[in-house]
Every structure is written in structure tokens, then in C-alpha cells.
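The numbers here are math on the coordinates, done by the rules we state, and not lab data. On a predicted model such as this, the values are computed, not experimentally measured, just so you know. Ideal geometry is used to build each Cβ from the backbone, glycine not excepted, and the neighbour counts take in all protein chains shown.
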Amino acid sequence: MKKLKIGFLINGNFVDKYNYELAKWIKKNNKKFISSVFISIPQNKKNKKLFKRIFFKFLIFFEFSLLKIFNKHNNHLTKFDLRKVIKKKIELRNTINNNKDFTKNDLQKIKNEKFDILIRANSSFLKGEILRCSKYGIISFHHGDYEKYRGAPAGFWEVFYREENTGFLIQKLNENLDYGKIIFKGFFQTKSFFLYNQAELFEKSIFYFKKVLLDFHQNRKFNFIKKRKKGKIYETPRIFNQIKYIFQTINLLINKFLKKDDFSIALFNSKKINTSIIIKNNLRKFLADPFLVNYENRTFCFAEEFDYIKKKGNIVCIDLKNQNKKIVLDEKFHLSFPYIFNYKNKLFMCPDTSEISEIRLYQCINFPLDWKFYKTIKKDITAVDSILFKKNNLWWLFTNIDRSLTGDFTHDLSIYYSKNGPLTNKWFEHPLNPIKMNSSESRNGGLIFDKNKIIRISQKQGFDNYGEEIYFQQIKTLTTKKYVEKKIQNKEFNKIKKILINKDIHHISKLDNKIVVDFK
């Protein structure tokens, strides 16, 4: 297939870390792309509101110091010389100010290169004829939910207003500021402070930009998403809002440092749901991710038990008849989410083994305590909370992937399928992956089989708060080409929330009349 010629539009010679990595990736994929030229556009003049901008730079300096203390995103503000990756430069010197077009001479320089796609990697607002100087137009990020936050600074206003998630979109530019033709969009959980939120937003979203380029190389077309209302345009916050934000953030970080989030497990009977049994945590440990299993007319609960001292989890089994608890699976690496399924009258467990970048299966040798490693069904994948089940004569694997390796698994739901049962390592990727890109309903929190219904439990993440709520998603359509799920209400769960005083719940399992949840 013919290579795509791609150019970068930047200010000067330098780009941020994320566009620099993108340029290197394009250069490396030289069987699909050509990137031999970049276009340098003079920086637009800033407006006159200097004082609030200066104050905001002090705020950025302080938060960057926090990133260094936490040893996260140390290169977030670093600029890199694009000439080290792309040698040839077209320098536009005759830019007309006041958001008008470029000169005919400037535009002709770009057209002569016969680019297929231009990537906007600068801060200039582009409009007019330059939008038509490449065969398929200019594509660009917009870091923000276009229905709420257009403009800048990226990732700030979501933290200021304590939004649950922070959006991004990849768009083909047109004359509308931050409201082009949408190719891809997603939502990540909003982090505790502005610069951390922005760095996570930039880092995670770059993978999906690469995906857009790869899909376009294969199909030679963009699949646009229908747009809805466009939100307000924001700019650098006023001094008052900056001060308010500083006090909010200091208070949040102090509470975050002092507070320790523990999960506990509560057991309910759907016939007498007004009462519950709380399974107590051991000192320095907590229980989470419970799954119910019936064996010889007795019900057992398998769960993660996390040890604060060892900083890792193992898998325990709780006999619900007497609440005896024993370790059934312990590895040198972290284990959680002990999903159990039956295949050919044998029990298998698929726990979270993301720490070693594998999805593994363990077979039960002697129920309930004896489990043995059986097989790795997917290698080189950083994924958590995997669930496997059979539907339409295929086996399905639903999992949550951290594609940017930031340690955040809350936003990407991906599906694989097997024609040869669940014990194979030959899994086909669903063409719609990621099926969901939204931290409000992507991460798995269990699976319930209710007569002929299959209900995926999805987690909702709050503002800087993991596992704030769960939703019940009935799987309506599941084929090798389509996926549809519908959010449904669950009266039993609504009662459970009231009994637990609506504490954060991030997992549920139901078997016959027994229901088990974990909660903070």
C-alpha cells in the first residue's frame, strides 16, 4: 500500500515531548509513512493580559516541582528539537497576523511538498487556505471535552471544577476553533492537580493519535463522529480563580496524604437485603474484588487481599458458612480480580497479572484451596480485570488495557474472541477496539448472568477517586463486528447503596440469592 506523506506544523524548531515521540514513531514506521519535511510557523503574538499569565507561570513552576517530587512526567515541559528527527524545514516568514490567511508564496511552498496529511503541533489558530494545502487536510488534538471546555489551558478547568473525567478529541481542522470534524474522542479520569492531569492527558492520548494514522493508512478515509453542542471557550484563568484553585489543591493534597482508602467486603441475601454481613479485614490488609462460586451446594467467595507492607495482593478464599479465610494463590507479583469460569467441567481462574504483562489462567486441582498455573493466553499486554465467557459459539475476553503504560487502567475497554475455546493463546482482536474510551464506564467490575442476560459491571471513576460507583451494562449485541451494551437499573443495588450509606462501591458479584460487594 502506498506510503502516506506526513508533515508537521510547528512554531519555530521545537516541539513538546509528545509530538517529538510521535515524529520518531512516524519515522520508525517508514513502510507506512514518509515524514521528511516540517513547516515552521512564527508564534502568534500573545494578548495583553500579562499579569495573570505571569502568575500562572509561577503556578506551573510549583506544580512541575510536585511532578518531580512524585517522579512523574519529568519531561512534560521539556522542548525537543524536531530537526533531530526531520531534517528538512520549510520556514514561513510572511505570516499575516490577526488570524487571517498566509501569503500565496507561503501556501505554495506547502503545496509543492504534496503532503497527504499535515499534523498541527503548534499553538497557532489555523484557518483559510492552509487547511486545504494537503490532500486529506490537517489533523490535530484538542485536549478537552468540546461540549464543555474549548480553548486553554488543557486540563486545568476540569481540575478546577472537579470534573470526573477530562476529554480529548482528534479532529480534522476546519474554520471553527476547537470544533473540527471529529475522528476520535475519549475521556480519562481527572487527576488531583492541573499539571499532573495535563501530563496524563497528553501521554495517554498520543497512542490513539497513532491509531488514527494507522487506520487511515489502511482504509484511506476518516470515519467521523457526529458532533453535538459546542462548549464555552476558556483561556488562562483570572488571578482570583488561580488563587482559589491553589487553596483547593493544597487542601486536596493534604487530605490525600493523610487519608488511606481501604476496601471491605459486604455480603447480602437478596431475600433479606436489609441486613448485611461485613467480612472483616486483617490488620494492614484489605479485601476487594469478590467473586462468588458454588461448589457442592456451598458458596465460597474468592477475593484479592492486599498487604500494605508487601505492597501486593494475593488471592484468598472465604468460606461463607463460617467466614474462614485462606490464601489460595500467591505469586512474587501482584494478584487481584480472581475471575473464575467453568470449561469442560473444570474450574479456571483468570486473575489480574498485569505486573508481568500477561493474561494468565490457573486451573483448580483441588477445590477450593489448590490452584496451579495452567497457561498464559496473552503475552506482552498490560491489562487488568479480565472476564471470559461463551456467547454465540465463541469465547470472549473483555479486558482493560493501559496502552500508554502510565499505570491507569480505567478508560480503555477492549474485546478479543476465540474460535477454539478459552484455553488458547490465539485470540482475535475486535475491529472496534477500544470498544469504550471513557473512565466513567470502561473498567470491569464483575459479570452477572441473569437467566438469558449477560450483564457487564462497569466502574465509574470520580474526580481523583478510584472506584466511586458501578453501573449495570446489559450486553445486547456481541459479534465479531459489532458491540452494543445498554445501561440498566438494578433495584437490589440501589438498596445496598442505602444500607452502606452510599459508600464508594467498585465491584459486585451475584449468585442465586447471594450478593457480595466491596466498598470503601
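Can you pull the one-decimal nm distance between simple spin-label points at ASP380 and GLN363, each 7 Å off the Cα toward Cβ?
A separation of 2.7 nm, rounded to one decimal place.
Report ³J(HN,Hα) in whole Hz for each residue of region 476-489, in order, from the Karplus equation J = 6.51 cos²θ - 1.76 cosθ + 1.60 where θ = phi - 60°; Gly and Pro get x.
9, 9, 9, 10, 6, 10, 10, 8, 9, 10, 10, 6, 10, 8
Out of the GluC sites (Glu not before Pro) in region 256-346, which ones are loop residues according to DSSP with at most 11 other C-beta atoms within 10 Å?
Qualifying residues, ordered by number: GLU296.
What label, among [x] 46, 27, 20; [y] 40, 32, 22; [z] 41, 29, 19, belongs to semi-axes √(5λ) of the Cα gyration tensor in Å computed from the structure on display?
Answer by label: [x].
Taking neighbour Cβ counts within 10 Å as the exposure measure, how do VAL85, VAL516 sort from fewest upward?
Result, fewest neighbours first: VAL85, VAL516.
Send over the semi-axes of region 1-51's equivalent ellipsoid, whole angstrom and largest first, taken as the square roots of 5 times the C-alpha gyration tensor eigenvalues.
The three semi-axes for region 1-51 are 30, 12, 7 Å.
Could you name the aspartates and glutamates in cross-link range of LYS451, using Cα to Cα under 19 Å and dropping any fewer than eight places away on the same chain?
Of all the aspartates and glutamates, those that pass the test against LYS451 - Cα under 19 Å, at least 8 places apart if same chain - are GLU485, GLU492, ASP512.
Going through the cross-link list LYS229/LYS453; LYS57/LYS460; LYS211/LYS332; LYS272/LYS503; LYS114/LYS221; LYS72/LYS232, which pairs have a Cα-Cα distance over 25 Å in this structure?
LYS229/LYS453; LYS57/LYS460; LYS211/LYS332; LYS72/LYS232
Using the basic label-point model (7 angstrom from Cα toward the beta carbon), what is the LYS104 to PHE224 distance in nanometres?
For the pair LYS104/PHE224, the computed spacing is 3.0 nm.
As a test of the formula, what do you get for the chain when each DSSP H run with n ≥ 4 contributes -39,500 (n - 2.57) and the sum is divided by the residue count, at 222 nm and rounded to the nearest 500 deg cm²/dmol?
Dividing the helical sum by the residues of the chain leaves -6500 deg cm²/dmol.
Quick one: grab the alpha carbon gyration tensor of region 129-238, order the square roots of its eigenvalues as a ≥ b ≥ c, and give me rounded if a/c is under 1.5, else prolate or oblate depending on whether a/b is larger than b/c.
prolate
In whole Å, what three semi-axes, largest first, describe the equivalent ellipsoid of region 260-519 built from its Cα gyration tensor (square root of 5 times each eigenvalue)?
25, 21, 19
What FRET efficiency, computed as 1/(1 + (r/R0)^6) with R0 = 41 Å and r the Cβ-Cβ distance, is obtained for ASN425 and ILE233, rounded to the nearest 0.05?
0.25
How high is the relative contact order of the chain, in percent, counting Cα pairs under 8 Å that sit 6 or more residues apart?
Once normalised by length, the contact order is 11 percent.
For region 441-520, just say rounded, prolate or oblate: build the C-alpha gyration tensor, square-root its eigenvalues into a ≥ b ≥ c, call rounded for a/c under 1.5, and beyond that prolate if a/b exceeds b/c, oblate if not.
In terms of gyration-tensor shape, oblate.
Could you give the nm distance between label points at ARG162 and TYR308, where each point is 7 Å from its Cα heading toward the beta carbon?
About 2.5 nm separates the two model spin labels.
Let me make sure I get this right: for region 337-481, a, b and c are the square roots of the gyration tensor eigenvalues over alpha carbons, sorted descending. Under 1.5 in a/c it's rounded, otherwise prolate if a/b > b/c, else oblate. Which is it?
rounded
Magnitude of the Cβ-charge dipole of the chain, K/R +1 and D/E -1, about the Cα centre, nearest 20 debye?
Charge dipole, the chain, about its Cα centre: 1900 debye, nearest 20.
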